[in-house]
């Protein structure tokens, strides 16, 4: 029986295969980028991290391969983007699947969460974007968009055809533009506020080939139980830290995003945090410094890479935060040993 890779293993396997097809020695590329080769044997640590973002960008630059993420996507065994898309794949049709997925937005394994809008007979799946993902994590951002594209195609038994795909970065130009056109095979628009995929509203009625209503119900009961166990008795500050840390596994988290995940307005979030004698800025900096410490001590990544990965727009500030952290051992750490490691886990599907 064919071994089914976990999601993180699948991405890492696809990375190796993409490098092989392009004539790139991945271990050598990682070493030249300054990352320890052992990371390539630890998919659960490496894939949901900024270190993967860094390596993808470094390879794209050093090997002049601005379409690198598309080569990785084409090698995936089964495109997924975390818990929301697993729930989507078990739903009866596209409309139901997108609605179910919207309940678990924080757990997208992508640089931002996906939401869907319906307007003028067109459905648009929009990925929340920020300046960091569009500027510094372009390949990881592109990989997520490519995975969503492939996933929709898979769920429709390859009968789905998009109308257009938009990107929050510039056209890579030259031969790379052709790779984009060949991969997506539809209208492509660059330099947009967000990454998005649009298709006719008729596709919402498409049945999903992998639908399993009983397993879906069982899975959602499982998720609700885990969420209750994880969040029960935690105040607003702890809930914010958990959600921020979940999002920092892939890129960044804005104040507006955090309010969205908590299902409150940004103004209400600000008021509640103020009442708790803290702020979003303080919490995000705490969790970024905790992640930086984890990358340096557990993943053995060089400090200069850690700084540029996590806070590329203000490395000096992150360095100062780490110095402060050394003086205060009570600073929060990542919840590596929590009952839900890095978010809501999926039940085993045999």
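Assorted remarks:
- Just one of the numbered conditions (1) over 24 Å from the mean Cα position of the chain (by Cα); (2) modelled with pLDDT of 90 or more; (3) over 27 Å from residue 155 (Cα atoms) is not true of residue 232: (2).
- Residue 155 satisfies every condition listed in (1) within 19 Å of the chain's Cα centre (by Cα); (2) over 28 Å from residue 50 (Cβ atoms) except (1).
- Residue under evaluation residue 133, criteria (1) touching a helix residue (DSSP H, G or I) at 6+ places or on another chain (Cβ under 6 Å); (2) in contact (Cβ under 8 Å) with a residue 24 or more places away in the chain; (3) part of a strand (DSSP E or B), criterion not met: (3)
- Test: residue in segment 107-115 that is closer than 22 Å to residue 181 by Cβ, assigned by TED's automatic domain parsing to the domain that holds residue 201 and in a helix (DSSP H, G or I): no
- Residue that is outside any helix (DSSP H, G or I), modelled with pLDDT of 90 or more and under 24 Å from residue 176 (Cβ atoms), where the choices are 55, 76: 76
- Criterion: in contact with a strand residue (DSSP E or B) (Cβ under 7 Å, 6 or more places away or on another chain) and surrounded by fewer than 21 Cβ atoms within 10 Å (Cβ to Cβ) - qualifying residue of 182, 117: 117
- In the set 265, 289, only one residue is modelled with pLDDT of 90 or more, crowded, with 20+ Cβ neighbours inside 10 Å and touching a helix residue (DSSP H, G or I) at 6+ places or on another chain (Cβ under 7 Å); that residue is 289.
- Among residues of segment 193-228, those that are buried (at least 16 other Cβ atoms within 10 Å of the Cβ) and not in a helix (DSSP H, G or I), counted: 9
- Residue among 248, 321, 307 that alone is within 27 Å of residue 55 (Cβ to Cβ), buried (at least 17 other Cβ atoms within 10 Å of the Cβ), at pLDDT 90 or above and over 17 Å from the mean Cα position of the chain (by Cα): 307
- In segment 273-285, residue surrounded by the most Cβ atoms within 10 Å (Cβ to Cβ) [restricted to those that are under 25 Å from residue 325 (Cβ atoms) and without any contact (Cβ under 8 Å) to a residue 40 or more places away in the chain]: 273
The values are calculated or read from the model by the stated rules, or taken from the named source; none is laboratory data. Source: prediction; values computed, not measured. Glycine also receives a Cβ, built like all others from the backbone with ideal geometry; neighbour counts cover every protein chain displayed.
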